[in-house]
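A quick write-up on the structure given underneath.
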Amino acid sequence: MKNTRISIFLALFASLLSLTLAAQDYHFSDPTRTITLFNPAFTGLIPEGSKYRFQTSARSQWSSVLDSDHYRTFATAFEFKICGDNAGDYFALGANAAVDFQGDPALQRTDLFLTAAFVRRIGGSQNKPVLLGGGAEVGRVQYSQGGLAGRTFDDQFDNPSLPGELLDQYAVDAYDLGVGVFLTASGNERGLHDLSAGLAIKHLTQPSLGFYGNDGSGQTSSDSTARLNRRLNLNLGFSVFKKRKGNLSLFAAYSNQRPHNQFLFRAMYNLLGQRETVNLGAGKSSVKSRLLSGGLALRVNDGAGGFGGDALIGILQLHQKGYILSASYDMNISGLAQSTGTNGAIELGASFFFGKANCINCPQF
C-alpha cells in the first residue's frame, strides 16, 4: 500500500509540476457557488431580490490516497449591488479570495481580487428581467512554498563551498486583471426557463511565475520568463421540460488556458415549490422556486495529455429562502482511476443572500 501511495504521489506531483510549468488555474466542480471567480461580470447578480451575497466553497482532492499531501482549495466571495437611476439597472462591487494548497508543508497559491460590474435591464419586467452586464476584476496572484525550504539540504552535494539549495523562499506576488460580460433572461411566472450566458477573459496581464530564488547565490530555480496563461471562460445555462412540481436545468462551462481545455456538462432535476418573493412595484406574489436539486455532471479535459474524461460528478443542492447549500463528489474516471480506486474530490459550497434591493429581482442559475 505504501508503494502504491508513493507511485500515485509521484504521478500526481508530476502532474502538478506540468500544470505549474504550463501556468494553469485551480478549478471547482460547481462554479456557480463562487461564480464571481469564474466571471467578474456576475458580481451583483443576486437572486431573491437581495442586495448582498456571501459565497464560499471548499474542495479536497486525492485525500484517500495521498494523506497529508492531498490537494485542498478554498474560495470565498462577498458582493453587493447599488441600484441605478433607471428601474432594473444596478452597479455592483465585490471581493473574492481563493487559496490552493498541495502537501504539508504546502505549495500554495493565493488569489485576492476586487470586482465591479454594471448591469442594464434591456427587456422584461423588474421581476422577470432580461439583463446585460459587464464587469472587471483587479488583484494579486501569489505563489509560495509554505515551508518547502525545510525539505532541502544546507549544502549541495555535501560541499560547503557551494550555495545552498534554491528552494528556500518565494518571490511571486503579481498584479492581475480580468474582464467579462453576461446575458440573462428570466423565465415565465413560474421561473421555468431562466437563461444565463457569460464570457470572461482572465489573467490579461499574464503574471510572471519566475519564483523560488536564493538571495545568497542570486540564482533562481524556475524560468523567470514563465507566465500565467490567459484563461477564457464560457458558460451557458437554461431550464427545460417544465412540470408543475419540477424542471430540468442544464449548465455547461468551457475553459481554455493554453494548452489545456476543460469542459463541464451538468444536468440537474429541480423540485419546485411555492415561495413568497418581493414583487417590485406591486406588493408580494408567490412564484415557483427551486427547493431541492440533484443531478450529475461530467468533466472532460483536452490538453497536453490528450483528450479524455476526468470525473463523473454527483451534485446535491438545498435551496431555501436566503441560502443555498451544495455538496458534490467527483468519481475519478481519468487514467489514474485504477490506482486511486476511482476516488476523486469532495466539494462543499454555500451561498447566502440578505438585504433588499428594490431595483431588480435577478434570476438564478
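The values are calculated or read from the model by the stated rules, or taken from the named source; none is laboratory data. Just so it is clear, the structure is predicted and the values come from calculations on it, not from any experiment. Cβ coordinates were reconstructed from backbone atoms using ideal geometry, including for glycine residues, and neighbour counts include every protein chain displayed.
Out of all the residues in region 275-290, is one or more modelled with pLDDT of 80 or more and either surrounded by 15 or more Cβ atoms within 10 Å (Cβ to Cβ) or acidic (Asp, Glu) (or both)? Checked region 275-290: at least one residue is modelled with pLDDT of 80 or more and either surrounded by 15 or more Cβ atoms within 10 Å (Cβ to Cβ) or acidic (Asp, Glu) (or both).
Answer yes if at least one residue in region 250-267 is among the polar types (S, T, N, Q), surrounded by 16 or more Cβ atoms within 10 Å (Cβ to Cβ) and within 14 Å of residue 292 (Cα to Cα), and no otherwise. So that I can check it myself, show each step before the final result.
Restricting attention to region 250-267, the residues satisfying the condition of being among the polar types (S, T, N, Q) are 255-257, 261-262.
Filter once more, keeping what is surrounded by 16 or more Cβ atoms within 10 Å (Cβ to Cβ): 255-257, 262.
If we keep only those that are within 14 Å of residue 292 (Cα to Cα) as well, we get none.
No, that holds for no residue.
Among 18, 7, 50, which is the only one that is small (Gly, Ala, Ser) and at pLDDT 85 or above?
One residue alone meets the criteria, 50.
Checking 109, 121 one by one, the residue that is at pLDDT 80 or above, basic (Lys, Arg) and closer than 18 Å to residue 144 by Cα is 109 and no other. Just to be sure before I move on: is residue 126 buried (at least 17 other Cβ atoms within 10 Å of the Cβ) and within 24 Å of the chain's Cα centre (by Cα) in the structure I sent? Answer is no for this residue. In this structure, residue 134 does satisfy being at pLDDT 90 or above, within 26 Å of residue 238 (Cα to Cα) and not β-branched (Val, Ile, Thr).
Let me confirm something: among 100, 69, 154, which residue is acidic (Asp, Glu) and either modelled with pLDDT of 80 or more or within 24 Å of residue 52 (Cβ to Cβ) (or both)?
On the way: 69 fails: either modelled with pLDDT of 80 or more or within 24 Å of residue 52 (Cβ to Cβ) (or both); 154 fails: either modelled with pLDDT of 80 or more or within 24 Å of residue 52 (Cβ to Cβ) (or both).
Selected residue: 100, the only one of 100, 69, 154 that is acidic (Asp, Glu) and either modelled with pLDDT of 80 or more or within 24 Å of residue 52 (Cβ to Cβ) (or both).
The condition of being in contact with a Ser or Thr (Cβ under 9 Å, 6 or more places away or on another chain), at pLDDT 90 or above and among the small types (Gly, Ala, Ser) holds for residue 295. The single condition among (1) at pLDDT below 90; (2) closer than 26 Å to residue 50 by Cα that residue 268 does not meet is (1). Any idea which of (1) surrounded by fewer than 22 Cβ atoms within 10 Å (Cβ to Cβ); (2) at pLDDT below 95 is the one residue 59 doesn't satisfy? Here residue 59 meets the rest and fails (1). When residues in region 200-235 are screened for being buried (at least 17 other Cβ atoms within 10 Å of the Cβ) and at pLDDT 80 or above, 9 of them pass.
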